[in-house]
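The values are calculated or read from the model by the stated rules, or taken from the named source; none is laboratory data. Computed from a prediction, not measured in an experiment: that's the story for all the values here. Heads up, the Cβs are rebuilt from the backbone with ideal geometry, glycines too, and the neighbour counts pull from every protein chain shown. Heavy atoms of the whole protein, side chains included, go into the accessibility calculation; ligands, DNA and RNA do not. Shrake-Rupley method; radii C 1.70, N 1.55, O 1.52, S 1.80 Å.
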Amino acid sequence: MPIPALIRRNTLLLALSQAFTGAGMGLVYSIGPLMIIAVSGSAALSGLSVTLMGVSRFVIAYPVGRLTDARGRKPAMMVGLACALIGAVIVGLATIGAIFPLLIAGLLVFGMGMNAAQQLRVAAADMYPSSRRAEGLGYVLTGSLVGVVVSPSLVTLAQTVSGGLGVDPLGVPWLLLPLLILPGMLFVSWVRPDPKVIAQRLAEYYPGYAPPEPTSLTGQTGPRDSFSLSAFLSNDARRLAVFANLGAQGSMAIVMISSSLLLHQHGSTLPEIAASSALHSFGMWAFALPLGRLADRLGRRPVLLLGGATATAGAFIATQTNDYWTITAGAFLVGVGWCASNVATTVVIADTTVAAVRGRAVGFNDSMTAAANILVPLVAGPMGALFGIPSTGLLAVALMLGPLLMLLTLDEPEPGVYRQRVTSSVSPAVD
């Protein structure tokens, strides 16, 4: 189906918003561990910045999903970006002032804001039928590539500026972030109508589109706004996609902690560390569109398998060496694998849920990945300290092996259509 002009316009606006605001999360992962060490004085807490992002996502993901289901996607994104702006300023001031409790609070506020704004994934999926849904999501996520360039540029600029001001260069990039977040909010405000409204009236935008029978979650008839955990997990495709995404997120968390520390220990400068993180982020976003198209043409299952295998291989490579480019290459592969898992999982959930519950469904998935971000660093940190960082690569392999084997049992006769093993019936994509 051709994409209507209004949908193209809204997709561009969401992509631009993602482009302007994406640099913030890059800072968390590139210099976050170094900020924690600088302010707290403890290398043992180096994984705390990644953990705090997981905590903030775990706390906010489902409530924000509930808000978007009730009020629409735009209000949640706007509130999230406003919180991210406030949190960025707090983080910058806390780092410069070396105030550890304030730094923790700022990271939590920033993380909750940025993760609330991630409902733009739901907004992107809302505006497309199943046959082009992954492609539409890919367009929006590709906007994050701008953040890949901006994030190391902010660090480099901050290092130059901080010398004249006599302040910690780790804090200055955060004070520059509002200059990017404000335009991102403006782009979201221009999206019309709310993507949830489009999702509920897809046939008006795509001539010839025939909506499926109304259900809340595929396999569960009843009120269109009903959501339950048991119904969510009863669907084979949703359940397996979430498990696979958890494994990929675990690999991501391991590399987030280990790569910057390994590079710092072996004499890499802040700009070099930021550049390595930027290449990782490039892998996270650069292939969102081709992977989305692949998911629309070959199916979600092949992309999930590709994502899990690539993320695991990357995590293993990145943790087995002290070489700058080998670590960076491994982190890049983790980014590509995470991208494939993120796109495919989001689309599987959108395929199998109606708009009235889609925000909560994606929010639940985000809460699960947040739990992985919380728990994996708590295991990987002590493991690395006791047995060496290479042991964390083995942990990544262990986390992904089970989900990959389970994915082999997923029956997807055609892209976006899933056969339940229990009922042996085909569950159609639900819009």
*Measure of size requested: the Rg and Dmax of the chain, with Cα atoms as the atom set and Å as the unit; please supply both.*
20.6, 69
*Indicate the gyration tensor shape class of segment 274-431 (rounded, prolate or oblate), computed on the Cα atoms with a ≥ b ≥ c the square roots of the eigenvalues: a/c under 1.5 is rounded; otherwise a/b larger than b/c is prolate and the rest oblate.*
prolate
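Using a 1.4 Å probe, what is the accessible area per residue for the chain, in Å²?
Working: 15280 Å² over 431 residues.
Averaged over the residues of the chain, the accessible area is 35 Å².
Show me 103-115, 126-138 ranked by packing, highest mean number of other Cβ atoms within 10 Å first. Write down the numbers at each step before the final one.
Working: 103-115: 24.2, 126-138: 25.7.
Listed from highest to lowest mean packing, they are 126-138, 103-115.
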_Estimated inter-spin distance, R8 and T321, nm [label 7 Å along Cα→Cβ]_ = 4.3
*Report, by chain and number, residues whose modeled amide H sits under 5 Å from the one on D411, excluding near sequence neighbours (fewer than 5 apart, same chain).*
R419
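Cβ neighbours within 10 Å, averaged per peptide: list 239-246, 23-30 in order, most packed at the top.
Values: 239-246: 23.1, 23-30: 26.0.
Final packing ranking: 23-30, 239-246.
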*So how tilted is helix 355-387 from the main axis of the chain? Cα-based, degrees 0 to 90, rounded to 10.*
30
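Express the carbon and sulfur contribution to the solvent-accessible surface of the chain as a percent, rounded to the nearest whole number, probe 1.4 angstrom.
Numbers: 10730 of 15280 Å².
Using a 1.4 Å probe with all protein chains present, the chain comes out at 70 percent carbon and sulfur.
Is the shape of segment 51-181 best called rounded, prolate or oblate, per the rule: a/c under 1.5 gives rounded, else a/b larger than b/c gives prolate, else oblate, with a ≥ b ≥ c the square roots of the Cα gyration tensor eigenvalues?
Numbers: a/c = 3.07, a/b = 1.69, b/c = 1.82.
It is oblate, given that a/c is not under 1.5 and a/b is not larger than b/c.
Just order 65-73, 251-259, 45-53 by mean Cβ neighbour count inside 10 Å, highest at the front, would you? Mind dumping the intermediate values first?
Working: 65-73: 21.3, 251-259: 29.8, 45-53: 24.3.
Highest-to-lowest ranking by the protection proxy: 251-259, 45-53, 65-73.
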*Going by alpha carbons, how many degrees (0 to 90, nearest 10) lie between the helix axis of 288-297 and the longest principal axis of the chain?*
20
*Is the shape of segment 1-124 best called rounded, prolate or oblate, per the rule: a/c under 1.5 gives rounded, else a/b larger than b/c gives prolate, else oblate, with a ≥ b ≥ c the square roots of the Cα gyration tensor eigenvalues?*
prolate
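Work out the length of the dipole vector of the chain about its Cα centre, built from +1 on the beta-carbon of each Lys and Arg and -1 on the beta-carbon of each Asp and Glu, and round it to the nearest 20 debye.
Result for the chain is approximately 740 debye, rounded to the nearest 20.
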